[in-house]
Structure formats: structure tokens, C-alpha cells
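Just so it is clear, none of the values below were taken in a lab; they were calculated from the coordinates. Keep in mind that what you see is a predicted model, and the values were worked out from it rather than measured. All Cβ positions, glycine included, derive from the backbone under ideal geometry; neighbour counts span all protein chains shown.
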Amino acid sequence: MAGIGFQLKRLFDREGLFGRVQAISYASLVTVGPILSCMAAVAVVHWLLVAEMAPYRARELFQAGTAYAFAFSFIVAAPFSMLFTRLASDQLYEQRYDELLPTFYGSLQVALGCASVPAAAFLLLAPLELAEKLALVVLYMELTVIWMGVVYVSAMKAYRRIAGAFFAGMLLAMAAVWLYVRLEGERLAAWGLFAGLAGGFFVTAAVLLWEVERFFRTPRPASPYGFVRDLRRYPSLLAIGLFTAVSMYAHQFAQWAFHGEWLEGTFRLTPEYDVAVYYAVLSVLPTLVWFVVSVETAFYPKYRQYYDAILGQGTILEIDRARREMEQVLIGEMAKLMGIQLVFSLVAVACGIRYLPYIGFTAEQVDTFNILVMAFYVYIMNSVSLLLLLYFDDRKGALALSAIFLAANVAASWALRDVEYQGLSLFAASFPVLAATLGRLIYRLRRLHYATFSAQPLVLREHARMRGRAG
């Protein structure tokens, strides 16, 4: 992450606590600010509907529709986000700047084309009012654009403008829904709620696209479909992105299938479980922040030092020393990351027990929330470990482990489908896969010389790609 990496290093180099607080705040703004603003907007709208005693049908449709829009837009975009992160980093390092914007637009067209398939089925088959379906499809497509657009944010330095676009869009969405609720009162309909939220997301998506266009525009852009030739180089990244995204929602899909109830003949829901999942996801946001801080300020300098020693014709002793230093830093940072997230997860459990009953959680929901907090703790650690495997270009290992992760989630969701085991399936699937992923990561580190030198004559090109993505 070129821009944020430089900024974090500069802030961390400042003496004292203030510099570190600034660095962590900056990383928070960039990494979790956008997603947190989106989740907060949805939560505020839901609380507003409850406070204003909005019609039950509209409230339930809003909760169900937004949950489905977020889940399926994320799943559709995840494979392409994983792939085009790699392609963009290659193009940046190799200074093929004329290909960056066409690659973005080409990938966006492919992602929207894939997203249009379930959207068309929804429009044709869902027994809802046409206005409700259209507004929800617009929201779903906007979210797909946003998931794709944030891939390119790491290559831009307009972080504050991007974060501001998210916050402004969400404020507009909340204001629009509030105004609609106050004007319509008991006559409000779900389509108006979806339209208000979609209006805010439209602002966010439009600003994001404008920033990407402004930053990457060149006098002679390449063909927008030139990226197709690169698809054959990294097909595994599509699968890794898809498997990891589906694994995040597999337990929730299982609850919908086994214990859900139909809403308007369209959505399967388990309202109590879905709300617990929503709040449990918030508990892992510290990992997203600290991972960026850790990679950019501690791990990546050692990572680059190792490959610089190879490319700079360092001696075998110098190369081996650089590898050992990198391994030591990586293991230390992973241990620190797991410890920090464990503290936040335990705090989330304690706060959940104390405060969630005040917002309507039952004792069973609190228990489910506690289990899910620990399950997401293991899940996010596994996701980070898989990403680190890709730093060392271990695509085969990451593909196998992500496939096993998905299979384990499906199997555990089936085996632990009874109500009393709610939330346990994600934990049961994630824990053994995390152990396997960490084992694979250590194995890759210990055999990094072999993996690097046996890739000759591709080592220079492969290093360039990894360097571009991480730098």
C-alpha cells in the first residue's frame, strides 16, 4: 500500500506516544473507516425505524434486503478484488500506467456482469413490489462498484478524500431516510428506505470512481480488455477470493436454510442470529487496523531487505540472515496481532454480556454473540495468514487451504445445525484450518530459499509483483 505505507512510517518515526496514536488513527481512517461508516449507517437507520415505530413489514424488509445486498455484493466482488489487486500491483511496479485505468474499468464491467445474474433472477422471481426490487438492485450494484473501487485506493494518496466520501455518503443516506420517515410516518414503504440508502451509496461510489479516474487517467490509455490475457496467469486468485468470501457467510447461510423463516416469500432470515453476527463482526476491526500498521512498519522492510539481498547479489550468508530476520519479525508480529485481537475480543464479550441486553438481546442471543466473537477472532487470524502466504507467492498453498476452509465450514454447519450450537460451526471450522495455515506459513518461510531460487528465471518478475503489491 504505497501511500499509506509512507505515511505510517513517517508517523511512527516520530518520538513519543502521540506519533503512534496518530499512525494508528490514520490506519483506522483508511482501513476500517469506510466499512465502519457503512455499517453504522445501516444500524442508525434500523434504530431510527424502531424509535419511530415504523411499520413492521418495512423494518423487516429493510433489515433483510440490506443484509442480502451486502453479503452477495461482497461475494461477487471478492474474487475479482483479489485478482485485480495483483494485476494492479504488477502494472504499478512495471510502470505500465496506461493499463491501470482500463484494467479497472474492464474488471468493473466483468464484476457487474456477474452481479447482474442474481440481480436479474431477483427482479424476475421475487414476489415484491417492483419499486422495492428496483431500489434494492440499485443498492446491490452500487455496493459491488464500491467493493471493486476500494482495491485501487491503496495505490492512491487521497485517503482523506476517500474516507470523506464514505462518511458524506452515509450521512446523506441517514438524512434522506430520516426525512422520508418523518414525512411519510406510518405510510412509509420499504422502497423509500432502500432508495434513501442507495442515494447515499451513490454519492460514495461516484466520488470513488471520480478519484480513480482523476488519479489514473493517462494520455493514451490501453484497451479496457487487455487484462484478459493476464487472467490465465493467476486463476487461483479468483478461487481464493471466492472461497474465503463464501466461508465468511457459510454459517449464516446454514442458519437461514435450517432455522430461517420466509419474509415475503423472498428472503430467508434468522433475525436473532443475524443481529448477533452483525455486532460480532465489529469485534475484529482492530485486526484490520493493526495488520496494516504491522505490515507497513515492521514486516515489509524486512521482506524487502531479503529480496534486495537476492537481487543485489548478496552473499548466501547475507541472504540467509535476512530470511531469519524476516521470519523472526513476522512470527513476532503475528503473535502480537493475535494477542491484541484476543484482548479486544474478550473486551467485546464482557461488554456484550453487560450492555447488549439493554438493546433487546435475549440471554440466548448474548451467548450466541459471545461464541461468534471468538469464532470471528479465529476466522480473521486465518484470513490474515492466508494473505501472508500470498506475500510469499504461495498460491497453491493458499488455494488448497481456502478450499479446505470452505469445505470445513460447510461440513461444520451441517454437523452443528441444531439451534443450541448456533455460532459454533464457524469456530469449529476455523480453528483447525488456522493451525494448518500457520504451519504452512512457517514451512514456506523455512523453505523460502528453495521456493525463490527454484522459480528462476521467474524470480525477478515474481519479486516485482509481490513488491508492488506490498509496497
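List of remarks:
- Rounded to the nearest Hz, the phi-derived 3J(HN,Hα) couplings of region 77-83 under the Karplus curve 6.51 cos²θ - 1.76 cosθ + 1.60 (θ = phi - 60°) are 7, 4, x, 6, 4, 4, 5, where x marks glycine and proline.
- Separation of alpha-carbon centers, region 342-405 and region 57-126, rounded to whole Å: 24 Å
- Projected onto its three principal axes, the C-alpha set of region 32-233 covers 58, 38, 25 Å, listed from the longest axis down.
- From the C-alpha gyration tensor of region 234-471, square roots of 5λ in Å: 39, 20, 13
- Within the chain, helix-based [θ] at 222 nm, where runs of 4 or more DSSP H residues each add -39,500 (n - 2.57), nearest 500: -27500 deg cm²/dmol
- In order along region 277-289, the Karplus-derived 3J(HN,Hα) couplings, from 6.51 cos²θ - 1.76 cosθ + 1.60 at θ = phi - 60°, round to 4, 4, 6, 5, 4, 4, 5, 9, 4, x, 5, 4, 6 Hz, and Gly and Pro are given as x.
- Kirkwood-type radius of region 301-356, with distances r between different C-alpha atoms, in Å: 13.6 Å
- On Cα atoms only, tilt of 300-311 relative to the major axis of the chain in degrees: 40 degrees
- Annotation for GLU364 and ALA298: the two label points, set 7 Å from Cα along the Cα-Cβ direction, are 4.2 nm apart.
- Size descriptor for region 289-421, Kirkwood hydrodynamic radius: 17.8 Å (Cα pairs only, one decimal).
- The chain: angle of helix 459-470 to the longest principal axis, Cα-based, in degrees nearest 10: 40 degrees
- Within the chain: Cβ-based charge dipole about Cα centre, in debye rounded to nearest 20 (Lys, Arg +1; Asp, Glu -1): 1580 debye
- Packing-based ranking of 247-256, 193-202, 409-418 yields 193-202, 247-256, 409-418, ordered from highest to lowest mean Cβ neighbour count within 10 Å.
- 3J(HN,Hα) along region 200-207: x, 5, 4, 4, 4, 5, 5, 5 Hz, from the Karplus curve 6.51 cos²θ - 1.76 cosθ + 1.60 with θ = phi - 60°, whole Hz, x for Gly and Pro.
- Cα-based reach from LYS302 at 13 Å (exclusive), listing aspartates and glutamates while leaving out same-chain residues under 8 positions away: GLU318, ASP320, GLU325, GLU327, GLU333
- Extension gain (nm, one decimal) between ALA175 and VAL117, 0.36 nm per residue minus Cα-Cα: 17.7 nm
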